[in-house]
Amino acid sequence: MKKHLLDIYKRLYAALGSQHWWPGDTPFEIIVGAILTQNTAWTNVEKAINNLKQNRLLSAKALSKSKPSKIAKLIRPSGYYNIKTKRLKNFLNFLNDKFNGDLDQLLKHETGRLRTELLEINGIGPETADSILLYAANKPVFVIDAYTKRIFSRHGLIKKDAAYEEAQYFFMSNLPKNLKLYNEYHALIVKIGKEFCKKNPKCRICPLKNSRGGG
């Protein structure tokens with residue numbers, strides 16, 4: 001299975017190349033993006049982030065001082081903007097209360113401890129927490145999303161209804177613990193999920209055709 005998973009990665013990389021993911025100029029921007037991308041397409045998140053940038057609010061200090069109503073208006077393109085405003089504020093309150101607003105101190109924490117703390121923040125679930133760990137904190141943690149489950153269940157490698165932790169263990173126990181690998185693999189999975197392995201899949205032209213069943 002270890003060889004098979006690496007073979008899948010190599011096929012994806014050969015066909016699609018590096019994805020340069022996660023887009024973001026700073027760790028804080030990546031964290032904001034991870035929260036805003038919940039239940040929406042990345043193109044909508046980009047619009048919201050650009051609005052924050054144009055208003056010079058894309059920093060922990062600036063967002064902390066901003067009224068929720070103003071934030072909600074700016075992140076409206078990302079959808080569920082009132083809920084996401086609360087989630088951003090929840091994260092900022094946590095950062096300010098426990099780390100005096102110092103994001104570097106937060107991200108230096110040991111992986112397990114940092115993950116536990118992130119999951120205690122209302123509105124941050126496993127996928128968002130692990131995206132923060134992988135892309136903002138540079139911790140080797142494999143992110144599981146809907147694309148991952150869809151693609152790998154169709155190939156008979158994980159259960160369609162596998163729990164998040166079960167699917168994550170499958171990847172992390174069968175792949176080398178490597179930050180760059182986890183980063184690129186997840187990004188390639190997202191690319192395949194968006195363009196090929198849709199609800200109505202394009203199997204004939206997918207780079208992963210004929211790779212079912214762990215062979």
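All of the numbers you see were taken from the coordinates with simple rules; none came from a lab. Given the structure is predicted, the values throughout are model-derived calculations rather than measurements. For neighbour counting, all protein chains shown are included, and Cβ atoms are generated from backbone atoms with ideal geometry for every residue, glycine included.
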Practice item. Give me the compactness ratio for the chain, meaning the Cα radius of gyration over 2.2 N^0.38 Å. Key: 1.06
Point to revise | Extension gain, LYS177 back to ASP104 (0.36 nm per residue minus Cα-Cα distance, nm) | key: 24.0 nm
**Study point:** Residue of PRO27, PRO201, PRO126 that the Gaussian network model of the chain assigns the largest fluctuation, springs spanning Cα pairs under 10 Å
**Key:** PRO201
Revision key, fill the gap. Under a Gaussian network model of the chain whose springs join Cα atoms within less than 10 Å, the largest fluctuation of ILE31, ILE83, ILE189 belongs to ILE83
Study note, to complete from the structure: The percentage of Cα-Cα pairs in segment 27-136 separated by more than 24 Å is 16
Revision key, fill the gap. In segment 27-136, taking the dipole from +1 charges on Lys and Arg beta carbons and -1 charges on Asp and Glu beta carbons about the Cα centre, the listed residue (LEU92, THR40, SER64) farthest towards the positive end is SER64
Revision key, fill the gap. As straight-line cross-link partners of LYS73, the qualifying lysines (C-alpha separation under 25 Å, not fewer than 8 residues apart within one chain) are LYS47, LYS53, LYS61, LYS65, LYS84, LYS86, LYS89
Check your understanding: What does the helix-only formula give at 222 nm for the chain: each DSSP H stretch with n ≥ 4 adding -39500 (n - 2.57), the total divided by the residues, and the result rounded to the nearest 500 deg cm²/dmol?
Key -> -17500 deg cm²/dmol
Practice item. Within segment 1-68, report the trypsin sites (Lys or Arg not before Pro) that DSSP leaves as loop and that have at most 13 other Cβ atoms within 10 Å. Key: ARG56
Check your understanding: When only C-alpha pairs under 8 Å and at least 6 residues apart count, what is the relative contact order of segment 64-127, in percent?
Key -> 26
Exercise for review: Compute the acute angle (0 to 90°) between the alpha-carbon long axis of helix 2-16 and the principal axis of greatest extent of the alpha-carbon atoms of the chain; round to the nearest 10°.
Suggested key: 70
Practice item. Calculate the spin-label point distance for ASN200 paired with ALA15, positioning each point 7 Å from the Cα along the beta-carbon direction, and give it in nanometres. Key: 2.0
Review point. Relative contact order (percent) for segment 141-196, with alpha-carbon contacts under 8 angstrom and 6 or more residues of separation?
Key: 51
Practice item. Could you size up the charge dipole of the chain around its Cα centre, putting +1 on the beta carbon of Lys and Arg and -1 on that of Asp and Glu, and report it in debye to the nearest 20? Key: 800
Check your understanding: Where in segment 10-113 are there GluC sites (Glu not before Pro) that are in a DSSP coil and have at most 11 other Cβ atoms within 10 angstrom of their Cβ?
Key -> GLU110
Check your understanding: Mean separation of Cα pairs under 8 Å and 6+ residues apart, divided by the residue count of segment 24-183: what relative contact order is that in percent?
Key -> 19
